[in-house]
Amino acid sequence: MTKTYKLLFVGEPGAGKTTCVAAVSDIPPLTTDVGCTDELADLKETTTVALDYGELDLGPQGRLLLYGLPGQARFRYMFDVVREGLLGIVVLVDATCERAATNLRETLQTYAGELRSTPCVLALNKHPDPPASLQQQCQALLTEHGLVAPVISVDARKREDVVRIFELLFLLLEHGTDGPQDDEEIAWL
Amino acid sequence: MALKAPDRARCTQALDDLLRRCDSISVAMLALRDGRPYVERPAAKVAPGKFAAMASSLVALGHSVLRELGAGTLDHVLVDGSEGKLVVSSVPGSNGLLILALLARHDARLGLVLGHAKSCANAISATFADERAPA
Ligand SMILES: Nc1nc2c(ncn2[C@@H]2O[C@H](COP(=O)(O)OP(=O)(O)OP(=O)(O)O)[C@@H](O)[C@H]2O)c(=O)[nH]1
Ligand SMILES: [Mg+2]
């Protein structure tokens, strides 16, 4: 039987979770987007209200099941719907947004408990070369929330970047993330 | 496309009328499609923001599942529990803007709850007044 790995994307509205799942999925993605009725409409037309779902074939390694959650904290309960058997969580950040750090803080506050108990990666999205200051801010926010996670830069619309995230989470799962030394080593990949 | 704005006072009135007519319905909520509370009568056990979010998720999942299965359009979502029934539907004529969620006692007759839900939704769709976004 094909081995499957469940990957979950969280992050602020507009971070690119739905775009990512739709772009890299091998099957037509399941989407639950509706028209925005608040200020978010200035940024984009639709927002996710239940989940995104897609699948990515990893070849002999198996299949990656991709889940995206809504970005707003009011949908936090959806985490309980998808939490079973997660390989890891990807915290997606729109690195081009000037509120990136504030948005990340909100996401971390919402999911701190879950992120502490599951391997996670913080992925700076939408920016080809995120400024070092943002990377440092992200690391500081992770530390502030008692979290250890690598901070990487991705184009979440690219399949190879999502596969890279998978491989990284797999490594974290195999070798753990406990201890400040590991933290130092994987702080910036 | 401009959103037609419902009249909040008349929406509240429609929910109150519903609760008066059907005593097996304990909570009636109108939520915006992206999961924000609009009117709730009376307060449910959960925070209104969470209830509205859950109602919008259910409707969106209902639409998606029917679309995937080629099973037509959504009329309502029923969540039938040992201690209560939840019926969630889109309000017709609101351009998908409003969602009606009704929590009824577990022994409530489903046909009755659905009938009341339909007439309440119709009453609300009649309240859409002009082209303003909801306040
Ligand atoms: N420039 C740029 N834009 C992107 C990129 N990825 C996504 N976008 C755009 O950014 C927006 C992201 O929107 P979504 O994918 O809906 O974001 P989301 O994280 O699912 O948001 P919610 O469902 O509201 O929580 C869309 O308008 C995309 O077109 C990227 O790599 N670069
Ligand atoms: Mg989304």
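In the set A:ARG74, A:ARG63, only one residue is within 15 Å of ligand 2 (Cβ to nearest atom) and of a type in the set (Lys, Arg); that residue is A:ARG74.
The number of residues in the stretch A:40-65 being in contact with an Asp or Glu (Cβ under 8 Å, 6 or more places away or on another chain) and either farther than 21 Å from A:TYR77 by Cβ or hydroxyl-bearing (Ser, Thr, Tyr) (or both) comes to 9. Selection of strands (runs of 3 or more DSSP E) fully inside the stretch A:36-85 by the criterion of at least 3 residues being closer than 15 Å to A:THR18 by Cβ and within 11 Å of ligand 1 (Cβ to nearest atom) returns A:46-48. When you scan the stretch B:32-73, how many residues do you find that are more than 12 Å from chain A (Cβ to nearest Cβ) and under 15 Å from the mean Cα position of the chain (by Cα)? Of the residues in the stretch B:32-73, 6 are more than 12 Å from chain A (Cβ to nearest Cβ) and under 15 Å from the mean Cα position of the chain (by Cα). Of everything listed in (1) under 30 Å from B:PRO37 (Cβ atoms); (2) part of a loop (DSSP other than H, G, I, E, B), the single unmet condition for A:ASP26 is (1).
With the structure loaded, tell me whether B:ASP17 is touching a residue at least 24 places away in the same chain (Cβ under 8 Å) and of a type in the set (Asp, Glu) or whether it fails that test. Spelling it out, B:ASP17 is indeed touching a residue at least 24 places away in the same chain (Cβ under 8 Å) and of a type in the set (Asp, Glu).
Taking the stretch A:16-34, which residues are touching a residue at least 24 places away in the same chain (Cβ under 8 Å), away from ligand 2 (no atom under 11 Å from the Cβ) and not acidic (Asp, Glu)?
If the condition is that a residue be touching a residue at least 24 places away in the same chain (Cβ under 8 Å), away from ligand 2 (no atom under 11 Å from the Cβ) and not acidic (Asp, Glu), then A:ALA23, A:VAL24, A:SER25, A:ILE27, A:LEU30 are the ones that fit.
Given the conditions (1) surrounded by fewer than 23 Cβ atoms within 10 Å (Cβ to Cβ); (2) within 18 Å of the chain's Cα centre (by Cα); (3) more than 10 Å from ligand 1 (Cβ to nearest atom), report the number of the one that A:LEU8 does not fulfil. Exception for A:LEU8: condition (1). Highlighted here are the strands (runs of 3 or more DSSP E) found entirely within the stretch B:35-126 that include at least 2 residues which are open to solvent by less than 40 Å² (accessible area, probe 1.4 Å): B:37-41, B:85-90, B:98-104. Residues in the stretch A:47-95 that are open to solvent by 20 Å² or more (accessible area, probe 1.4 Å) and closer than 15 Å to A:ARG157 by Cα were compared, and the one that is farthest from the chain's Cα centre (by Cα) is A:GLU55. For the stretch A:15-33, does any single residue satisfy the condition of being under 23 Å from B:SER94 (Cα atoms), open to solvent by 10 Å² or more (accessible area, probe 1.4 Å) and of a type outside the set (Ser, Thr, Tyr)? Yes; the residues of the stretch A:15-33 include at least one that is under 23 Å from B:SER94 (Cα atoms), open to solvent by 10 Å² or more (accessible area, probe 1.4 Å) and of a type outside the set (Ser, Thr, Tyr). In this entry, A:THR31 is excluded by the filter for residues that are modelled with pLDDT of 95 or more, within 9 Å of chain B (Cβ to nearest Cβ) and near ligand 1 (Cβ under 8 Å from one of its atoms). Filtered by the rule that a residue be open to solvent by 40 Å² or more (accessible area, probe 1.4 Å), of a type in the set (D, E, K, R) and part of a helix (DSSP H, G or I), the stretch A:112-171 gives A:ARG116, A:GLU144, A:ARG159, A:GLU160, A:ARG164, A:GLU167.
The values are calculated or read from the model by the stated rules, or taken from the named source; none is laboratory data. Computed from a prediction, not measured in an experiment: that's the story for all the values here. Neighbour counts are summed over all protein chains in view; Cβ atoms, including those assigned to glycine, are modelled from backbone coordinates with ideal geometry. For the accessible areas, the whole protein counts, side chains as well, though only heavy atoms, and no ligand, DNA or RNA atoms are used. Shrake-Rupley method; radii C 1.70, N 1.55, O 1.52, S 1.80 Å.
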